[in-house]
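Some notes on the structure that comes next.
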Amino acid sequence: MKAKFYIFIFSALLLVTSCSLDNFDEPNAMFSGNIVYNGEAIPVARNQVRFQLWQPGYALTAPIDVAIAQDGSYSSRLFTGEYKLSFVPGQGPFRTPTDTIFFELTGDKAMDIEVTPYHMIRNSQFSYTAGSVNASCAVEQIITGADAKTVERVTLIINRTLFVDANSGGEGSLAQVDAADLSDLDNINMSVEIPSDPKKPDQNYIFARIGVKIAGIEDMIYTQVQKIEF
Amino acid sequence: MKKYIFTILLALFLALGCSKNDEEFLDRPPSSILTQEQIFTDPSAVLSVLGDLYNRYEDFGRLDDWASLADFNIAYWSEAGRYPAFQNDGWGFGSWGIWNYGYIREINLFLERCEEATELEASLKTRFLAEARFLRASYYFEMVKRMGGVPLILESETYDFSGDASYLQHPRETEAAIYDFVISEAEAIKDILPTDADSKSRATKGAALAMETRAALYAASIAKYGATTPQVSLPGNEVGIPASMAEGYYTKALTAAQAIISGSAGAYALYNSKPNLSENFEALFYDKANNPEAIFVEDYKVGGGKTHYFTGWNQPRFGAEEEEGGRINPSLQFVQSFELLDGTYAPLANEVGGNPVYYDNIGDIFQGRDARLAGTVILPGTTFKSKPVDIWAGIVLADGSIVSGDSRGQEKTLPGGTEQVQVVGFDGPIDGLEFTAQSGFYIRKYQDPNTGSGRRGTQSDVWFIRYRFGEVLLNAAEAAFELGQPDVAAGYLNQVRARAGITTPLTGGDVDFDRIAHERYVELAFEGLHFFDLKRWRLAHIVLDGNPISEAEVTQNIGEATKRETQPYSIWPYKYHNPGDPNDGKYLYKILRLSRITGADRFQFGNYYSEIGQDLINNNPKLVRNPNQ
């Protein structure tokens, strides 16, 4: 009887201690920040734009993908160590830093990554009238000269939830409309009717944002998501 | 004492059981394994090995995987488990990737062992070798289409167990180098392979030339149109071909195609055996007896152990031989893109000025179009296996309201009536009910008209045509057009169009890029080729741009290569019920988007070339990642 008891105690102790012996430490450093231009976060489509972190010094190198959230922020929980940060060519509605960014991570670290967008959306305004969402904005060209790119379309997107973008199908966009007139980029107006769906409960608010598609660039640049109550 | 007897007997048995012949006794030839020597002395055994290699030929679209032939919103998939394909927003970067170097190695081993064989007759041996080279080039062609440039391994390699495998790690070749390899292999083997238009399932001169013209054309268009998407390229040209090489490739494509057209590879021609042009186009794909059009096929045989179930999956649900069918439902956009017989584009006339058009017969709206339409698609009011299909969505009443059902062939009492009448067809369409013709159509191409083809126990042995004369003509037309010979291109296009019953021939001035793209779209639909056309013209990210298609837009811009293809639309026939009205009993049509289609496909730059998996890069760090991934 007594021997059995000791075996029980021993195995219980083994069970609770062994995990710490043969397991790795969990990643404990939080790496977070924003993708910014002149200190202003650049909103993009959710999970569409990403950069890669590489940890040099290991035999097999695989990138750690970090997706940028729709408000332009990012975060990734990582192991302590040295990292280099690089953008995949062609990612994002902006010109990325050409140099690889090296940094060392020991604890939590916040870092804003400065990029240069091709265009920025300024003075965006949203309003609600009679079942429609109206929006206006100006598009400011940031990169000029040889690398300048033209605006392909300006889109107003609305959705019932906080997640709003033009690329996630029905998940991100309830309805969207392209601006009809792009001749004056300082004054762009759009209006989209909120479609009624009897299968979904009524709600007295809607989320909207404006996206700009730049010719030759896959990812769109957006405004921050705006909640419109009515 | 008695118990010792057994012990002694056992000891004696063990002692005497051994004999000096033991070694011979145990040394038996295995009865389940053939040695290399046995194989490579017997031509029929070599052919079996080669047959295995043929069997592993990689196709993008396959009859035993129906969805692979109907992707990219050319059709709706009427199977409940497949609806999510229309609710997501695109494809993962790893989609369509292949990397089967095990297959390459086995072909290389075959080549080496066959080369060493001494007992084989010389003519047979050279043919076997040429066939294996054809298969190897075919697989490299398939890889370069999907992955870009890949390591080119032309001999079997062996690991020496030294602990260092780096000598087995090969970097990627340029995309152009792989295309060059495919073209040069085709050139090298075309005169060794037999010139025999009746040999369809083994490599022939025709097959080699058909592969060459397709490969050269793909390479040429990547060189030319790749310039529009500089994002889809790599600095080392593992992806992307310099624009300066376009003309050379187009010339090669045209030369190889003309070698087939001129008859130097055998008596290939367009299939023209039936007076009814739609039936003729349909029979092109199932007639195996006398078919001058097929150049290289994957053959099947009922009762021979190799069959496929394409007809079972796609047969009209009403009167089907199993309780299923109807999966591929060609889209409205595809159906309306077939020209009128005079060679002009027109949407299906379901409304004029906002008022519905009433048709006496259900199929009248499709009359007077390109004969390939009825040969490719089962339209409402037509038959399959001599049984009429029953595709109509409901009854429209005088006030415009619709009476319909939610099960096939449901009956209801109409307002003002006393008896129950059928209110929806036995083939649907019913939104969300799988196996009904939810777009209003079923597929006809590759369906087998033989009894039993739709039965699980019998299945179908219609062959899958990998290369056919019609495609060679269109390849020649495209190459000629790009080389600035529009009159030559018009001549080739007109051959294909005349077979489709189009009465107005094209002149050189009519030929433009959209014409070429359109002709390939309608002629080669559901053959696994459209996807690569979109990729090599760098149009995939434009037609699949992730934006939903509005109802106003769907009937616009027919025949334009850049027309959006993000969602399939439907057009449903209804019966008009209004006793006393002259239109009573006639049919009208409504365009709609099915409720299950909530996503719009978006093709990203990173989708142009499939992702090379991290496991492969771990094993071989010399592999460069594809762009945008």
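Summary table
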item: Prolate/oblate/rounded call for chain A, Cα gyration tensor, a/c under 1.5 rounded; result: oblate
item: Segment A:38-68 versus segment A:122-156: alpha-carbon centroid distance in Å; result: 27
item: Shape of segment B:1-87, Cα gyration tensor, a/c cut at 1.5; result: oblate
item: Residues of segment B:142-161 with amide N under 20 Å of the 7 Å Cα→Cβ point at B:Arg56; result: B:142-147, B:150-159
item: Theoretical gain in end-to-end length, A:Gln141 to A:Asp25 [0.36 nm per residue, Cα-Cα removed]; result: 37.1 nm
item: Nonlocal amide H pairs with B:Arg468, under 5 Å, H built at 1.01 Å; result: B:Ile295
item: Residue mean of other protein chain beta carbons inside 10 Å, A:89-96; result: 3
item: Rounded to whole Hz, the Karplus (6.51, -1.76, 1.60) HN-Hα couplings of segment B:374-383, x for glycine and proline; result: 5, x, 9, 10, 8, 8, x, x, 10, 10
item: Relative contact order of chain B, pairs being alpha-carbon contacts under 8 Å that are 6 or more residues apart, as %; result: 20
item: Positive-end residue of B:Thr251, B:Gly305, B:Ser233, charge dipole of segment B:228-324 with Cβ unit charges; result: B:Thr251
item: Peptide B:143-150, shielding by other chains (average Cβ, 10 Å cutoff); result: 0
item: Within segment B:42-132: Cβ-based charge dipole about Cα centre, in debye rounded to nearest 20 (Lys, Arg +1; Asp, Glu -1); result: 200
item: Greater than 30 Å apart at Cα, pairs in A:Lys199/B:Lys412; B:Lys190/B:Lys306; A:Lys149/B:Lys224; B:Lys224/B:Lys590; A:Lys109/A:Lys200; result: B:Lys224/B:Lys590; A:Lys109/A:Lys200
item: For B:Ile443, residues with placed amide H under 5 Å, excluding near neighbours; result: B:Ile328, B:Ile378
item: Dipole of segment A:1-52 [Lys/Arg +1, Asp/Glu -1 at C-beta], most positive-end residue of A:Thr17, A:Met30, A:Tyr6; result: A:Tyr6
item: DSSP-loop GluC sites (Glu not before Pro) across segment B:59-124, with at most 13 other Cβ within 10 angstrom; result: B:Glu119, B:Glu121
item: Between helix B:101-116 and chain B: long-axis angle, C-alpha atoms, 0 to 90°, nearest 10; result: 50
item: For chain A, built as a Gaussian network whose Cα springs stay under 10 Å, the top-fluctuating residue of A:Arg77, A:Arg95, A:Arg46; result: A:Arg77
item: Residue with peak Gaussian network fluctuation, chain A [Cα springs, cutoff 10 Å], from A:Asp186, A:Asp178, A:Asp99; result: A:Asp99
item: Computed magnitude of the charge dipole of segment A:118-229 (debye, nearest 20; Cβ of K, R +1, Cβ of D, E -1); result: 260
item: FRET efficiency, 1/(1 + (r/R0)^6) with R0 56 Å, evaluated for A:Thr17 and B:Tyr167 via beta carbons; result: 0.75
item: Positive-pole candidate from B:Gly94, B:Ser264, B:Ala480, dipole of chain B, charges at beta carbon; result: B:Gly94
item: With Cα atoms, 0 to 90° folded angle of helix A:2-22 axis to chain A main axis; result: 40
item: Highest-fluctuation residue, A:Thr106, A:Thr144, A:Thr17 considered, GNM on chain A with Cα pairs under 10 Å; result: A:Thr17
item: Ranked packing of B:241-250, B:466-475, A:210-219, most packed first, by mean Cβ within 10 Å; result: B:466-475, A:210-219, B:241-250
item: Dipole moment magnitude, nearest 20 debye, segment B:310-607 about Cα centre, only Lys, Arg, Asp, Glu C-beta charged; result: 620
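Rule-based calculations on the coordinates, nothing more; no lab input. Predicted model, so just to flag it, every value in this text is computed and none were measured. FYI the Cβ positions are ideal-geometry reconstructions off the backbone, even for glycines, and counts take in every protein chain you see.
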